[in-house]
Amino acid sequence: MLRPLNEQDEAAVVASLSRIEVAGWLTSVPHPYGAGDFRDWLAMAMPGRVWAIEDAGAFVGVIALASDGPGYWIAPEAQGQGHASVALAAVLAAHFADPEAGDLPARCFADNTASAHVLEKAGFRERGRAMKFALARGAEVEQRVFMLDRYTWAVRNPLVIETPHLRLAPLEVPRDIAALARIGGQAVVARNTGSLLSPWPEDVVRAWVEALPWRGCPGFRLGVWRNGRMIGVVQLQRKAAEIGLFLDPAEWGKGYAREALQALIASAFSRFGLPSLSATVFADNAASLRLMRGLGFVETGRSEGESPARIGLHPTVLLRLDRTAGNGQDAAP
């Protein structure tokens with residue numbers, strides 16, 4: 001578990017950082033290290049950017065995310081158990097959940113093979129070398145300079161959601177093109193969406209998939225699978241945090257649409273920290289309106305919308321689900 005570092009961690013931090021086998025791997029930690037050093041550092045630490053790492057309630061180390069990237073250390077008695085890798089994965093997920101978050105640098109001393117392994121396992125790749133003064137060593141030490149971009153992180157960390165009957169996962173080209181064209185190209189499906197054609201040519205399907213890939217933040221589509229067979233798609237648009245879904249008509253009336261959307265809603269709130277979600281449904285789509293209202297969405301207005309599978313403008317219902325308001329259920333599936 002990661003939690004904010006606080007004054008109560010002083011003894012545990014000092015006990016570890018006073019040991020040269022920990023301080024010697026860090027650039028700005030003096031040796032010897034005392035309580036005053038901890039208090040000075042904690043006073044300057046950026047709120048919400050430094051966490052204590054706990055295992056079963058026991059303090060095992062610290063991880064931080066600064067402008068020059070992540071930094072971490074593990075208490076000697078807890079090393080070699082994977083704590084750094086797990087903590088770093090959590091911090092990276094939180095970082096890339098922000099659509100505006102950029103690529104991340106990272107550094108470690110050239111002789112710190114354990115830290116380099118943690119970074120490489122997370123997807124960081126070396127971009128060069130540099131010299132840095134290590135306070136505990138009292139000398140300039142060579143560093144390896146790493147970088148992790150959003151695309152690399154997203155590929156290595158796809159959003160996969162398992163429910164009792166379904167699996168939600170990123171779409172892939174060319175694997176999913178034919179199934180998408182078959183499902184979405186049906187007139188009864190396409191006319192209730194804002195982007196599908198009927199029929200839906202495979203070259204258009206490919207462009208549709210490639211336009212909104214999984215990138216670790218809102219603005220993605222996930223395929224919905226049942227027993228290894230694709231039965232539909234859910235999506236979370238970045239603009240207005242708008243969700244949507246279409247499902248193979250052969251699977252209608254079985255509760256899969258509700259199950260898939262509940263899973264998407266739960267992930268949107270917990271993984272991305274969104275305060276609310278929105279949806280737009282054609283007014284004549286009675287089944288979808290019942291579904292959204294059953295999930296806790298409330299009507300916020302009316303408008304008109306278009307669909308490539310319809311002619312002209314058609315009335316739409318605008319809906320919203322708040323994370324903690326009375327109409328929300330905190331989206332527990």
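Among what's in segment 133-149 and is in a loop (DSSP other than H, G, I, E, B) and among the small types (Gly, Ala, Ser), pick the residue that is farthest from residue 70 (Cα to Cα). The extreme case among them is 138. Only a single item in (1) out of contact with any His (no Cβ under 7 Å at 6 or more places or on another chain); (2) closer than 25 Å to residue 130 by Cβ is not met by residue 74, and it is number (1). Can you tell me which residue within segment 17-44, out of those that are outside any loop (DSSP other than H, G, I, E, B) and touching an Asp or Glu at 6+ places or on another chain (Cβ under 8 Å), is farthest from residue 6 (Cα to Cα)? Filtering first and then ranking leaves 17.
For segment 203-228, filtered to residues that are over 21 Å from the mean Cα position of the chain (by Cα), within 28 Å of residue 254 (Cα to Cα) and not basic (Lys, Arg), the residue that is surrounded by the fewest Cβ atoms within 10 Å (Cβ to Cβ) is 228. In the set (1) closer than 20 Å to residue 279 by Cα; (2) outside any helix (DSSP H, G or I); (3) in contact with a helix residue (DSSP H, G or I) (Cβ under 8 Å, 6 or more places away or on another chain), residue 216 fails one condition alone, (1). Might you let me know whether segment 2-12 holds any residue that is open to solvent by less than 70 Å² (accessible area, probe 1.4 Å) and in a strand (DSSP E or B)? Yes, segment 2-12 has at least one match. Please go through segment 229-259 and give me each residue that is over 24 Å from the mean Cα position of the chain (by Cα) and over 22 Å from residue 307 (Cβ atoms), ordered by number. Hits for segment 229-259 are 229, 253, 254, 255.
Checked against (1) open to solvent by 20 Å² or more (accessible area, probe 1.4 Å); (2) out of contact with any Pro (no Cβ under 6 Å at 6 or more places or on another chain); (3) touching a residue at least 40 places away in the same chain (Cβ under 8 Å), residue 146 meets all criteria but (1). For segment 124-134, state whether one or more residues are out of contact with any helix residue (DSSP H, G or I) (no Cβ under 9 Å at 6 or more places or on another chain), open to solvent by less than 40 Å² (accessible area, probe 1.4 Å) and free of Cβ contacts under 8 Å to residues at least 24 places away in the same chain. Within segment 124-134, one or more residues are out of contact with any helix residue (DSSP H, G or I) (no Cβ under 9 Å at 6 or more places or on another chain), open to solvent by less than 40 Å² (accessible area, probe 1.4 Å) and free of Cβ contacts under 8 Å to residues at least 24 places away in the same chain. When residue 21 is tested against (1) open to solvent by 30 Å² or more (accessible area, probe 1.4 Å); (2) farther than 20 Å from residue 115 by Cβ, only condition (2) is not met.
In summary, strands (runs of 3 or more DSSP E) completely within segment 229-333 and bearing 3 or more residues that are open to solvent by less than 50 Å² (accessible area, probe 1.4 Å) and touching a residue at least 24 places away in the same chain (Cβ under 8 Å) occur at 229-236, 243-247, 276-282, 314-322.
Taken over segment 150-172, the residue count meeting the criterion of being open to solvent by 20 Å² or more (accessible area, probe 1.4 Å), in contact (Cβ under 8 Å) with a residue 60 or more places away in the chain, more than 17 Å from residue 269 (Cα to Cα) and outside any loop (DSSP other than H, G, I, E, B) is 1. In segment 182-195, the qualifying residues are those that are of a type outside the set (Ser, Thr, Tyr) and open to solvent by 20 Å² or more (accessible area, probe 1.4 Å), and the one that is nearest to residue 289 (Cα to Cα) is 192.
The values are calculated or read from the model by the stated rules, or taken from the named source; none is laboratory data. Given the structure is predicted, the values throughout are model-derived calculations rather than measurements. Don't worry about glycine lacking a Cβ; one is built from the backbone with ideal geometry, like all the others, and counts go over all protein chains shown. Just so you know, the surface numbers come from the protein's heavy atoms only, side chains and all, with ligands and any DNA or RNA stripped out. Shrake-Rupley method; radii C 1.70, N 1.55, O 1.52, S 1.80 Å.
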